[in-house]
Structures are given as structure tokens and as C-alpha cells.
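One structure is given below, encoded as C-alpha cells.
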Amino acid sequence: MTAATLLDGCAAAQARPAADAPRPVLRERGQREVFCGLTGIIWLHRKMQDAFFLVVGSRTCAHLLQSAAGVMIFAEPRFATAIMEERDLAGMVDAQDELDRVVNRLLERRPDIKTLFLVGSCPSEVIKLDLAKAAQRLGAVHMPRVRILNYSGSGIETTFTQGEDACLAALVPVMPALPADAPAELLIVGSLPDIVEDQFLRLFADLGITRVGCLPARNARDLPRVGPNTRYLLAQPFLGETAMALEGRGATRIEALFPFGVEGTSDWLRAAASAFGIDPALTEQVIAPGRERARIGLSKLRPQLAGRRITFLPDSQLEVPLARFLQDEMGMVLVEVGTPYLHRAHLARELESLGAQVRLSEGQHVERQLDRVRADRPDITVCGLGLANPLEGEGLTTKWAIELVFSPIHGFDQAADLAELFARPLRRRDMLEI
Ligand code: SF4
């Protein structure tokens with residue numbers, strides 16, 4: 001099930017009001033066609049290897065997770081759904097008691113679980129099941145062996161990548177304190193595939209920045225420290241709530257482009273190096289080999305993408321930085337860049353790059369946006385799974401936004417793979433048209 005069947009855009013839009021607009025932004029408020037925040041569990045459970053995600057939801061939530069993750073019922077995965085039956089929903093039993101029983105049984109059977117997330121869904125929210133209270137009560141029983149936290153992944157409150165934001169924000173209050181007189185530490189914020197995270201850690205080490213933490217950490221019980229001497233660098237553009245929580249603990253954001261493509265990655269690394277007082281000459285020396293590898297990789301794909309027109313429908317919140325990369329480095333023409341939420345402060349540098357002619361939209365009104373796609377007929381449209389088939393049926397080429405979230409696309413060594421994700425559907429379309 002997608003969030004679209006449960007609500008229109010208003011509730012979520014109210015939860016995060018847009019800042020005053022210095023450039024025109026088309027505000028859309030209507031039917032949405034995006035996955036809910038539960039989807040984030042698919043990549044988060046792979047990243048945090050000692051964590052378990054227990055969705056308190058319906059059979060629909062369980063089906064969404066199982067089909068998105070492709071997990072067999074016999075596997076011992078690190079997520080599950082505590083299914084709420086009709087009698088729970090009708091208030092005929094005490095859902096808190098039922099939940100305690102499920103959690104106690106799970107933790108008895110799985111001693112490997114060190115952090116348990118109770119994840120709220122639409123049904124648990126509808127009956128106002130207080131998961132914060134449940135996490136506190138169960139935590140008192142199972143700490144210190146297991147830390148129990150909660151967040152909401154429901155389609156009423158979250159879209160797609162907001163699930164990660166809610167999960168990471170839930171971790172911030174339990175991060176250990178970095179003392180005010182401790183030397184500055186760098187914190188990379190946002191879930192990255194391990195291979196990409198390792199590449200960045202190597203580059204920071206070469207720059208001489210050795211005190212580097214990652215949120216999420218690979219072991220959820222091994223959280224990095226945070227305090228007034230934390231300088232944090234966002235790796236993902238959809239972490240507004242997490243950023244606010246980190247700042248609440250005194251951390252300061254390093255302003256940078258997001259690390260997509262040669263220029264985004266260079267800017268991200270340079271901004272961190274400058275915040276830590278690294279000699280600019282050393283920075284250029286360290287990033288030069290990666291820049292060159294990425295430049296060569298992209299030069300092969302640029303002829304396939306240059307001049308091609310692209311529209312982003314609002315989905316993953318990666319839209320603005322990816323549009324900047326495709327325009328500036330691949331020569332693509334941006335027709336419309338739609339995003340579910342426009343975080344003006346985090347995207348300020350990215351937005352500077354988008355030309356005044358680019359139509360920028362925030363929020364979703366699926367019918368109106370599809371009408372514009374039909375009128376514009378871009379060469380490629382980035383959209384959710386549910387919209388791709390109908391658009392392909394109308395002769396339009398599409399790219400699934402979800403693939404961009406599931407694929408390693410950050411950093412120098414993934415830049416060509418990122419460009420290839422857009423080039424492949426266009427090549428396929430060109431071949432079909434011959
Ligand atoms: S949380 Fe809501 S939108 Fe997501 S799968 Fe469950 S019922 Fe559907």
C-alpha cells in the first residue's frame with residue numbers, strides 16, 4: 001500500500017512548512033503517490049547490523065516490507081511486523097499488553113538484537129497506540145541488554161525517505177555526549193552503503209581528519225558522540241528532523257553541496273576540510289585522483305545525456321541535488337524538479353545552481369503533475385513505481401526513484417554509476433525506436 005490511499009498531501013505538508021520563497025516554487029497539495037516511511041527499514045536494517053525493526057502495523061505493512069525486501073518468510077531477518085488484528089483496532093484487547101508479549105518473546109528468541117525500534121504505522125496511529133510509552137516501559141525491563149526506541153514510519157506522517165529521518169532523529173537523544181572541551185569531531189549523517197562510507201573515511205583520513213563518526217553507526221549500540229564541538233556533514237538531503245535534533249545537542253552543520261558527481265563530492269569534501277582547518281593545497285592533492293577517475297567515467301556518458309530533457313516527480317527528496325548534478329555535469333536540461341519537501345536551508349547551495357527557467361515544485365498533486373509531464377514530454381521522467389508503468393504506456397521513458405535510493409550513488413567512484421542509471425533507460429528507448 002502506498003501513502004496515497006491513506007491521505008492527501010495536507011497532513012504531511014502541515015508538519016513541515018516551507019520557508020519563505022526567494023524564487024517561485026509551485027506548491028502542490030493533493031493526492032500523493034509515494035511509499036510510506038516504512039520503506040526505509042529495507043536499507044536501515046542492512047546498515048545497523050545489531051538492530052531490529054518491529055513494525056506495529058497491519059498485514060498490509062507486512063506485505064509492503066516483505067515484497068520490498070524480497071525476504072522469504074523462513075529467513076531470520078532483522079525486521080518483522082507485529083500484526084494488529086481487528087480486536088486490537090476495535091479496542092477489545094489491551095494493545096500495550098499484546099505488544100509487551102510480542103517484544104518479550106522476540107527478545108528471548110533473538111539474543112543478537114541490541115537495539116529494537118518499535119516502528120509506528122497507520123493502524124497504530126489510528127488507534128493512538130503510544131509507542132513512546134511502550135518503548136520506555138519495555139526499555140526499563142530489557143536495558144542494558146537491549147535499547148528500545150520508537151519512531152513513526154506511517155503513511156500519515158511520513159513519505160519514503162522520511163522514515164530514515166525519523167529513525168535517525170530517534171537515535172540522537174541516546175548518542176553519548178562529546179564534552180565541550182573535547183577537540184572537534186566530524187559526523188557524517190545519513191545512511192550510506194558500507195563501501196561508500198569506507199571510501200569517504202579513507203579520504204578524510206588522508207586529509208588528516210581522524211575523529212570521524214557516522215550516523216547511523218554500523219552497530220546501533222556503537223553510536224558516535226555529539227556536542228558543541230561536533231561539525232556534521234549531511235550525506236542525504238532528507239534529514240531535516242535529524243539535523244534539528246543534532247543542533248539541539250549543540251552540533252553545527254557544515255554547509256556543502258551533496259556528494260553527487262565530481263563537483264558535489266569535491267565541494268562536500270572541501271567544506272569538511274575547510275571546517276577542520278586543512279590546508280587547501282592538501283585538500284586538492286587528496287581529492288585529485290578521485291576527481292580524475294570520476295571525470296573520465298562521466299565523460300563517456302555525457303554524450304548520451306547532454307541536451308536530454310528530464311522531469312523529476314516528487315518522491316525521494318534526492319531530486320534537487322541529482323538535478324543539479326545532471327544539469328551541471330551531464331548537460332541535461334531540467335524541465336521540472338519536483339520534491340516532496342523543499343528544505344531551503346539544506347538545499348540553499350544546490351538551488352543556486354538551478355537556472356531561473358527550471359520549474360521547481362514542492363509537494364504532490366499527482367494529476368496536475370502528470371498533466372504537465374504529458375504536456376512537456378521530457379525525454380525521461382523520474383518517478384515512483386506506481387506512475388512508471390502508465391507513463392511508459394504513453395510512450396514516455398521513466399526511471400524509478402526508488403532505484404536511486406537503493407543504489408550506491410554517492411562519491412567519486414559511484415559518479416559514473418549514477419549517470420548510468422539515467423543513461424540506460426534512454427539507450428533502451430533509443431534502441432526500441434530504431
Ligand atoms: S504504514 Fe500505512 S501506508 Fe505504510 S504500509 Fe502500513 S498501512 Fe500502508
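We did not get these values from a lab; they are worked out from the coordinates using the rules stated. Every value quoted in this text rests on a predicted model; they were computed, and no experiment measured them. Backbone-built Cβ (ideal geometry, glycine too); neighbour counts: all protein chains shown.
Amide H contacts for LEU26 (H built 1.01 Å from N in the peptide plane; partners 5 or more residues away or on another chain; cut-off under 5 Å): LEU360, SER361, GLU362.
Using Cβ counts within 10 Å as a stand-in for footprinting exposure, how do ASP50, ASP279, ASP130 rank, fewest first? Walk me through the numbers on the way to the answer.
Numbers: ASP50 17, ASP279 11, ASP130 14.
Ranking ASP50, ASP279, ASP130 by Cβ neighbours within 10 Å, fewest first, gives ASP279, ASP130, ASP50.
Compared with the direct C-alpha span, the chain from ASP100 to GLU255 gains 51.5 nm at full extension, assuming 0.36 nm per residue. Just report the Cα centroid separation between the range 324-387 and the range 99-152, whole Å. With the range 324-387 and the range 99-152 each reduced to a Cα centre, they are spaced 39 Å. For LYS133, the aspartates and glutamates whose Cα falls under 20 Å of its own Cα, not counting residues fewer than eight places away in the same chain, are ASP88, ASP94, ASP97, GLU98, ASP100, GLU125, GLU157. Of the peptides 168-181, 221-234, the ranking by mean beta-carbon count within 10 Å, highest at the top, reads 221-234, 168-181. For the range 298-433, just say rounded, prolate or oblate: build the C-alpha gyration tensor, square-root its eigenvalues into a ≥ b ≥ c, call rounded for a/c under 1.5, and beyond that prolate if a/b exceeds b/c, oblate if not. It is rounded, given that a/c, with a ≥ b ≥ c, falls under 1.5.
One chain, two ends: ASP376 and ARG295. Fully extended at 0.36 nm per residue, the span grows by 26.1 nm beyond their Cα-Cα distance.
Database remark: amide H of ARG309 closer than 5 angstrom to the amide H of VAL333, ASP379, ILE380 (H placed geometrically; neighbours at sequence offset of 5 or more, or on other chains; Pro and chain starts carry no H). With the helix formula -39500 (n - 2.57) applied to DSSP H stretches of n ≥ 4, the chain reaches a computed 222 nm mean residue ellipticity of -13500 deg cm²/dmol.
When only Cα pairs under 8 Å and 6 or more residues apart are kept, what is the percent relative contact order across the range 298-433? The partial results should precede the final answer.
On the way: 199 pairs, mean separation 35.9, N = 136.
Over the range 298-433, the number comes to 26 percent.
Sequentially through the range 219-232, phi angles give Karplus couplings (6.51, -1.76, 1.60; θ = phi - 60°) of 10, 4, 7, 10, 6, x, 7, 9, x, x, 9, 8, 10, 10 Hz, Gly and Pro residues having no value and appearing as x. Overall shape: oblate for the chain, with the ratio a/c of the largest to smallest alpha carbon gyration tensor axis at 1.5 or above and b/c at least equal to a/b.
Taking a point 7 Å from the Cα of ARG429 along the Cα-to-Cβ direction, the residues of the range 378-393 with backbone N closer than 14 Å to it are 378-383, 388-393.
Among the listed pairs LYS128/LYS399; LYS47/LYS399; LYS300/LYS399, which have their C-alpha atoms separated by more than 29 angstrom in this model?
Numbers: LYS128/LYS399 37 Å; LYS47/LYS399 25 Å; LYS300/LYS399 20 Å.
Long pairs (Cα-Cα over 29 Å): LYS128/LYS399.
As a footprinting exposure proxy, order PHE160, PHE52 by other Cβ within 10 Å, with the fewest listed first.
Working: PHE160 28, PHE52 24.
Neighbour counts put them in this order, fewest first: PHE52, PHE160.
Among 417-429, 132-144, sorting by the average number of other beta carbon atoms lying within 10 angstrom of each residue, highest first, gives 417-429, 132-144.
Once both labels are positioned 7 Å from their Cα atoms along Cα-to-Cβ, the gap between GLU367 and SER67 label points is 2.5 nm. In this label model, GLU392 and THR210 are separated by 5.1 nm, measuring between points 7 Å along each Cα→Cβ vector.
If neighbour count is taken as other Cβ atoms inside 10 Å, put CYS167, CYS214 in order from fewest to most.
Details: CYS167 28, CYS214 22.
So the ranking, lowest neighbour count to highest, is CYS214, CYS167.
So for the chain, averaging the separation of alpha carbon pairs under 8 Å that are six or more residues apart and normalising by length, what relative contact order in percent results? So the answer I get is 17 percent.
Can you tell me, using C-alpha contacts under 8 Å and at least 6 residues apart, the relative contact order of the range 37-154 as a whole percent? Write down the numbers at each step before the final one.
Working: 167 pairs, mean separation 37.0, N = 118.
The value is 31 percent.
The alpha-carbon of LYS114 sits under 13 angstrom from the alpha-carbons of these aspartates and glutamates, leaving out residues fewer than 8 places away in its chain: ASP50, ASP222.
Under the classification rounded if a/c is under 1.5, otherwise prolate if a/b is larger than b/c and oblate if not, where does the range 37-154 fall, given a ≥ b ≥ c as square roots of the Cα gyration tensor eigenvalues? Each step should come with its number before you reach the end.
Working: a/c = 1.61, a/b = 1.08, b/c = 1.48.
Taking the square roots of the gyration eigenvalues as a ≥ b ≥ c, the range 37-154 is oblate.
Helices in the chain that qualify as membrane-span-like (whole DSSP H runs, Cα extent of at least 27 Å along the helix axis, mean Kyte-Doolittle hydropathy of -0.5 or higher) are 280-305, 415-433.
What order, most packed first, do the peptides 300-310, 315-325, 53-63 have when packing is the mean number of other Cβ atoms within 10 Å of each residue? Walk me through the numbers before you get to the answer.
Details: 300-310: 16.2, 315-325: 25.9, 53-63: 21.7.
Ranked by mean Cβ neighbours within 10 Å, highest first: 315-325, 53-63, 300-310.
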